Amino acid sequence: MSKNLTTKILEAHLVDGSLVPGTEIAIRIDHTLLQDATGTMAMLEFIAMQLPRVKVDLAAQYIDHNLLQTDYKNADDHAFLTSAAMRFGVHLSKPGNGVSHQVHLERFGVPGLTLLGADSHSPTAAGVSVLAIGAGGLDVALAMAGHPFNLPCPKVMGIKLIGKLPDWVSGKDVILEMLRRHTVSGGVGKVIEYYGPGVASLSATDRATIGNMGAELGATSSIFPSDERTRQFLVSQGRGDGWRQLAADEGAAYDEYDEIDLSALEPLIACPSSPDNVVPVSEVAGTKVDQVIVGSSVNSSYRDLMTVCRIMEGSRVASGVHFHVNPGSRQVLENVAQDGGVLMLLMAGVSIHQSGCLGCIGMGQAPGTDQVSLRTFPRNFPGRSGTKGDKVYLCSPETAAASGIYGVITDPRDLGKIKSYPAVQNPETYLLDDSGIIPPLEDGSAVEIKTGPNIVPFPDFEPLPDALQAEVVIRLGDNVTTDHIMPAGNKVLPLRSNIPAISEHVFEQVDAEFPARAKAAGNGIVVAGENYGQGSSREHAAIAPRYLGIRAKIVKSFARIHKANLVNFGILPLIFKNPADMELFDQGVQVSFPDVRRLVENGASEIPVLVNGREITTLLEVSDRQRQELIAGGTLNFVKTSQH
Ligand code: MIC
């Protein structure tokens, strides 16, 4: 029977279960990726497993998020991560070496492998046909310890690409078109597999852009065939030996289908404040722009930056605009510099920053009050930039550059009337420099782990009680993001290794009184609508609420990674059987879950909840393994008390 590529890679890695969508499967993981914002906690969790060394073929730790050193905290985390990486056999990418996704694509990704990353944008590795999945830090720590990764078997959505992108239109416009059609929840429970004659026209880095932002569709992963373009990219990175051809079989079936004619696409833009709020650039053209940023985790490759350099060459940034470039990696910057791009940017008035996530995660670069910021980043959730009420638009490097020149949102095809499209290709041979990567030691057992006052031990969480009484601490609507639950930004991110301190910021931008109310309630629950917990993989959005006493979340539907994180830290992920019941759960109301432990233990899929003298039904859709973890009070407790 002919198979799609996703099925082939999953089959080759299947350890448990069968490939029936929705049922739990376990897959072998080849590579793991940690970054510093999620990685300090994941590394603490790995240390708690008391193993001498990682048990995956390749583990990498990147320092790319918490780069501002406004006090000792981030610098202590960097030292901690460096020492832990050396102790446990992990590659360490130093601060300034680049964004995890771009560096992994360049230096480590190999077609057909699996990658588990503690970052939702890990599927950037789709650019070189890696089946990469974002997960909570604990799941990645378990993979580093050699455990298979458990996940609901995804459906496969086949996207047939035909045609070829017109000038001034690039990979970002393809994924914005996907978001326009399918929304931020359209990919939940699915791998998005691209195929068809149009694929060959996309470079590895355009594919990486599309894979990266598959996370914004809520997709489990995205994948491209490994073809001649993949081979060229690996050869240009001095890694041609790792290439192999991979594709779906002729006539392979998909669970869902869609088709995009690349030649019919036009420049698109996601308006504030959701990546799926997409319109043609021409619809918002003329809007005054205050800030433009190109780069960070997406659209920060050589092609993207050099395209901007060539567009800016001989032009100047408009007087009212601050134009920033955040290169995806030191390698990108070195190659752009070698080809004269740095001078083109500087002479146009662009500020060039070190390689890293920077403003994408609110680590600096926050826009001013009421300012319009145009970014090539992957997400624009409200307040994520660090500014409350921000107006962040997401677009391609072409649109960003054209808008930077005119000072208003500009369809780059208008610039095409006076400049020819640069049509930049990635280099045939990159200038290679791995000085920013420290390889693992043969034997790291003597390395002492460095720590600091802000790196505090993981809190203890009690097992699920027989019955639960709790207060509704907050009720929210649809599409609540992890940025709402556990904000990032330069004040909060340094607290990622200190749960008691970071928990004081839960729901800060939505309702600053939440932490105090949750603590006063003793046990609490959160109630919300559809697609709860979309966005980041940050497990702090589960750990910190749990620390404040949240024992259950009852919603209309969950995003994949957040749901898994809730189970990992002992929070019941419940779904309203009748969505209209949500109205009964006003803030402050007391609810009870009679006999809950026995029901979870016995495999009950329906959990009754008493509210205002009425009994309503909620659904618990988890695997048997997850039930045991919930009963234990979380995965760490479960792992400690069993062989797992
Ligand atoms: C994000 O874009 O939100 C991040 C930064 O990449 C996060 C990771 C984090 O919360 O640190 C993600 O998407 O997983």
Within-11-Å neighbourhood charge of I474 [Cβ basis; K, R +1; D, E -1]: -1
Around K391: net Lys/Arg minus Asp/Glu count, Cβ-Cβ under 13 Å: +1
Separation in nanometres of the label points that stand 7 Å from Cα toward Cβ, at N602 and R614: 2.5
Where only C-alpha atoms are counted, convex hull volume of region 394-508 per residue in Å³: 308
Cα-based equivalent ellipsoid, the chain: semi-axes from gyration tensor eigenvalues, Å: 38, 27, 25
Sequence ranges 206-213, 15-22, ranked by mean other-Cβ count within 10 angstrom, highest first: 206-213, 15-22
Magnitude of the charge dipole, region 312-452, Cβ model with Lys/Arg +1 and Asp/Glu -1, debye to 20: 800
Antiparallel bridge percentage (DSSP; both residues within region 492-644; nearest 5): 55
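How many times 2.2 N^0.38 Å is the alpha carbon radius of gyration of region 1-149?
Expressed relative to 2.2 N^0.38 Å, the Cα Rg reads 1.06.
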Student exercise, the chain dipole from Lys, Arg, Asp, Glu Cβ charges, in Debye to nearest 20: 420
Listed residue (V600, F80, I9) projecting farthest to the positive dipole end of the chain, Cβ model: F80
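Quick one: net charge around T220, please, counting Lys, Arg +1 and Asp, Glu -1 for every other residue with C-beta under 15 Å from its C-beta.
Neighbourhood net charge equals -3.
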Segments 558-565, 618-625 sorted - mean Cβ within 10 Å per residue, highest first: 558-565, 618-625
Förster radius 45 Å - calculated FRET efficiency between A247 and Q590 (Cβ-Cβ, nearest 0.05): 0.20
Charge-dipole axis of region 291-411 as Lys and Arg at +1 and Asp and Glu at -1 on Cβ define it, positive-most pick from C395, M363, S329: M363
Full-stretch length increase - A264, D443 - with 0.36 nm per residue and alpha-carbon distance subtracted: 58.9 nm
Theoretical FRET efficiency, 1/(1+(r/R0)^6), r = Cβ-Cβ of Y72 and E24, R0 35 Å, to 0.05: 0.25
Whichever lysines have a C-alpha closer than 18 Å to that of K3, once near sequence neighbours (fewer than 8 apart) are set aside: K155, K160, K190
Estimated 222 nm signal from helices in the chain, with DSSP H stretches of n ≥ 4 weighted -39500 (n - 2.57), rounded to 500: -8000 deg cm²/dmol
Peptide ranges 170-176, 330-336 listed from the most packed, as the mean C-beta count within 10 angstrom indicates: 170-176, 330-336
Partner lysines for K491 [C-alpha distance under 28 Å; skip if fewer than 8 residues away on the same chain]: K73, K94, K388, K391, K450, K519, K553, K563
Pairwise centroid distance, computed over Cα atoms, of region 328-378 with region 273-299, Å: 15
Kirkwood Rh (inverse of mean 1/r, distinct Cα pairs), region 492-549, angstrom: 12.0
Segment A467-A337, extension gain: residue separation times 0.36 nm, minus the distance between their alpha carbons: 40.5 nm
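Taking the Cα centre of region 370-498 as the origin, how large is its charge dipole in debye, to the nearest 20, when only Lys and Arg (+1) and Asp and Glu (-1) carry charge on their Cβ atoms?
Charge dipole of region 370-498: 840 debye, to the nearest 20.
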Most positive-pole-ward Cα, P465, I485, A512, against dipole of region 411-531 from beta carbon charges: A512
Extension gain (nm, one decimal) between L432 and K577, 0.36 nm per residue minus Cα-Cα: 46.7 nm
FRET efficiency for K450 and S642, using Cβ-Cβ distance with R0 set to 41 Å, rounded to 0.05: 0.85
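FYI, it's all coordinate maths here, none of it is from the lab. Because the structure is predicted, anything quoted here is derived from the model rather than measured. Reconstructed Cβ throughout: ideal geometry from the backbone, glycine too, with neighbour counts over all protein chains shown.
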